[in-house]
1. How would the range 68-165 be classified by its alpha-carbon gyration tensor: rounded, prolate or oblate, with rounded meaning a/c under 1.5 and the a/b versus b/c comparison settling the rest?
2. Under the classification rounded if a/c is under 1.5, otherwise prolate if a/b is larger than b/c and oblate if not, where does the range 117-178 fall, given a ≥ b ≥ c as square roots of the Cα gyration tensor eigenvalues?
3. Roughly what would the spin-label model give for Asn86 and Tyr31, points 7 Å off Cα along C-beta, in nm?
4. Label points 7 Å out from Cα along the Cβ direction at Lys124 and Lys48: separation in nm?
5. Using 0.36 nm times the number of residues separating Ser171 and Ile94, minus their current alpha carbon distance, what extension gain do you get?
6. Longer than 19 Å from Cα to Cα, which of Lys81/Lys172; Lys65/Lys97; Lys81/Lys122; Lys124/Lys172; Lys65/Lys166 are they? Say none if no pair is.
7. Compute the length gained on full extension between Leu138 and Thr76: take 0.36 nm times their separation in residues and subtract their Cα-Cα distance, giving the result in nm to one decimal.
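No lab work stands behind these numbers, since they all come straight from the coordinates. Just so you know, these numbers come straight off a predicted model, no measurement behind them. Cβ placement follows ideal geometry from the backbone for every residue including glycine, while neighbour counts extend to all protein chains displayed.
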Amino acid sequence: MKIIYLICLLSFIGCTNKEISEKNNSGQSKYSFENIFSYNKEDTIFIKSRFTDCGEWGGHEEFIKVYRLERKIGLTYIKYKVTCGNIDSSGSPIQTKNITRNFILSDSQQLSLMTYFNNLMKFKFIDKELGNSGNSFLIEDSKGKLRLSQYGNNIQLLNNYNSLMKSLGLSKVIIENK
């Protein structure tokens, strides 16, 4: 009787493990950038970056807007330029719109966005840097439910951003302190 019970138990465990692994395999395919949006079209993800072209005074900004566009994911990219000696009343360099691009994201570009988000979250576990000058990276949504930011001169932050730029077919950021 114990042998029959043991055989039934092993069969059950074997089937359960197989079912679990099938669920895990099919569950992985459900990772999609589209899942970050609500079902309505009002959801938008903003990626804002500011660089240290002018040292502690700041530098140029880059802005990415990711949104649902019918059954696709759209992206708007805006890059500003600065002249370090040209500052506003608060002492920040005046931003002038330089480049604007709009396009539909491919699946691989959506995956690159997910990787950028994941890496930015991982960098939250790196020691904080103290200083008056650093690059800043921010991800937030229009609903106020998502907000992730990181600041500093750690080269990994800039490399993460530049990897995203490369996958989107945009120019990478090269900071030349003036």
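1. oblate
2. oblate
3. Between Asn86 and Tyr31, the simple spin-label model gives 4.3 nm.
4. 1.8
5. Here the segment from Ser171 to Ile94 would lengthen by 25.6 nm.
6. Lys81/Lys122; Lys124/Lys172
7. Stretched out fully, the Leu138 to Thr76 stretch lengthens by 20.7 nm.
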